[in-house]
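Q: One structure follows; several queries about it will come next.
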Amino acid sequence: MYTPKFNQVTDRGLLLEAMRAYPFATVVGPIASLEPGAGTQATHLPLVVKNEREPELGDFVIEGHFAKANKHWTALAGREVLVIFAGPHSYVSPSLYVEELSVPTWNYIAIHAYGTLALVEDEAGKEALLAALIAAHDPAYLDRWRSLPEGFRRTMLGNIVGFRVPIARLEGKFKLSQNRAPAERRNVHAAHAAGNDDQRALAAWMTRLGVPPESR
């Protein structure tokens, strides 16, 4: 990912926090094809980012599942994949800049995670993955899921293929007008703070990272 130094975020804890905040991601890897050099394919999935062992050890893993009918999973076992987490994004008008010779741009947050994908195909493993996904996004439903008829749950589990990706490398790009003059950063922050959901989220991240300098 092209990332100028002023947009680069390397704090692993901050990147993991953002990945959990924006968990609907894109898994990119080899295409499910018998043709050599067939290229890559992307699948959009809700994911869970969790500690593999104790937090202080810094071992994290991405977990999720494919629909079994989506044959992309057949090409990914034991292969390195790229998982893209896309955060909030917004247009930035040049009217917010002091410099007249300016052009429009776009602010956004993007995190790229790399690792080798391992399939989870046993029923107990898939049940655990699904429970973790429900617990992360709809914990009130977890007891109801577990109370559903066993035959129904087995059928649903039979229609998915789970996976785990231990995170080997992370790249974080938080494009938040860091390269603009102080007054312009304050203008962008104010405009985002008064805008839509994505813009307000970007304003919060700007504040978190100290991008809008204090007025003097």
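Q: Take the residues in region 192-216 that are aliphatic (A, V, I, L, M), part of a helix (DSSP H, G or I) and farther than 15 Å from TRP106 by Cα, then tell me which one is farthest from the chain's Cα centre (by Cα).
A: Step by step, filter region 192-216, then rank; the result is ALA193.
Q: Specify the residue that is surrounded by the fewest Cβ atoms within 10 Å (Cβ to Cβ); the eligible residues are those in region 65-122 that are assigned to a loop (DSSP other than H, G, I, E, B) and of a type in the set (D, E, K, R). Step through it out loud before you land on a result.
A: To start, the set of residues in region 65-122 that are assigned to a loop (DSSP other than H, G, I, E, B) comprises 68-70, 76-79, 93, 97-104, 117, 121-122.
Next, only the ones that are of a type in the set (D, E, K, R) stay: 68, 79, 99-100, 121-122.
Numbers: LYS68: 14, ARG79: 10, GLU99: 10, GLU100: 6, GLU121: 13, ASP122: 11.
Going through the qualifying residues, I end up with GLU100.
Q: Continuing with this model, one more query. Being more than 25 Å from HIS72 (Cβ to Cβ) and among the basic types (Lys, Arg), is that true of even one residue in region 124-139?
A: No, region 124-139 contains no residue that is more than 25 Å from HIS72 (Cβ to Cβ) and among the basic types (Lys, Arg).
Q: Using beta carbons and a limit of 9 Å, which pairs, at least six apart or on different chains, have the first residue in region 9-23 and closer than 13 Å to PHE174 by Cα and modelled with pLDDT of 95 or more and the second one of a type in the set (S, T, N, Q) and outside any helix (DSSP H, G or I)?
A: Going by the 9 Å Cβ cut-off, the qualifying pairs are VAL9/THR3.
Matching residues to (1) in contact (Cβ under 8 Å) with a residue 24 or more places away in the chain; (2) under 25 Å from ALA21 (Cβ atoms); (3) basic (Lys, Arg):
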residue	(1), (2), (3)
LEU117	yes, yes, no
TYR141	no, yes, no
LEU148	no, no, no
LEU157	yes, no, no
VAL161	yes, no, no
ALA168	yes, yes, no
ASN187	yes, no, no
LEU209	yes, yes, no
PRO213	yes, yes, no
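The values are calculated or read from the model by the stated rules, or taken from the named source; none is laboratory data. Note that the structure is predicted; figures quoted are calculated from it, not measured. All Cβ positions, even for glycine, are placed from backbone atoms using ideal geometry, and neighbour counts span all protein chains on display.
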